[in-house]
């Protein structure tokens, strides 16, 4: 048994009375990572090493966002963590380097700031067995994606358009002007258990009205 294990139960201090869901942590696990001094520098895409548990989700969330959002690629974080409701964060399994992009759907008091509670489907997407209960992860905030609302919008469409794949990374390719409209192009890396592929999403919109002119996706090498 590890003497330095200081896991805080997910339901402790839960603001809605009875906790509708609980994380699965069947085995004691070493607290391998502390909280870096620059952890709170939210404006920088600084990776933070911590741990992830998993949950089946529940009906009530503080963010008002269902666990089924983003095809269950969702997570809960500590109330005092720098991650905000609706924010996209990248979680990497340190054991196999697999990555998933998840949406923050809940914030819980008294939950460690460098831990995330992933929906079971997101946990399994990282290639982790639910029997492990807890895994070491690297968490990277994506403020760049939050500032690029069309990139996030295209990401949500891509997740739905490729139901057997999960987005694991993204990049903005270009932004140009076209006859008074704006064209933005993003590249997304999509992974399934069998393969990895890249797709390019393009949106053309009127910047004065924010109305979409067209959206297009294509597979790229």
Let me test this: with uniform point scatterers at the alpha carbons of segment 148-220, what is the Debye-based log₁₀ I(q)/I(0) at q = 0.19 1/Å? -0.72
As computed over segment 114-191, the Cα convex hull volume per residue (Å³): 107 Å³
Just to be sure I understand the model, the point goes 7 Å from the Cα along the line to the Cβ. What's the resulting residue 209 to residue 46 distance in nm? 4.4 nm
Relative packing of 82-93, 189-200, which averages over residues the other C-beta atoms within 10 Å, highest first: 82-93, 189-200
On each of the three principal axes of the Cα atoms of segment 97-146, give max minus min coordinate, whole Å, ordered largest first. 31, 26, 17
Per 0.36 nm of contour for each residue apart, how much would the distance between residue 161 and residue 173 grow if the chain were fully extended, relative to their Cα-Cα spacing? 2.3 nm
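Here, each number is a calculation from the coordinates, and none is a lab measurement. Predicted, not measured: the structure shown is a model, and the values here were computed from it. Cβ coordinates were reconstructed from backbone atoms using ideal geometry, including for glycine residues, and neighbour counts include every protein chain displayed.
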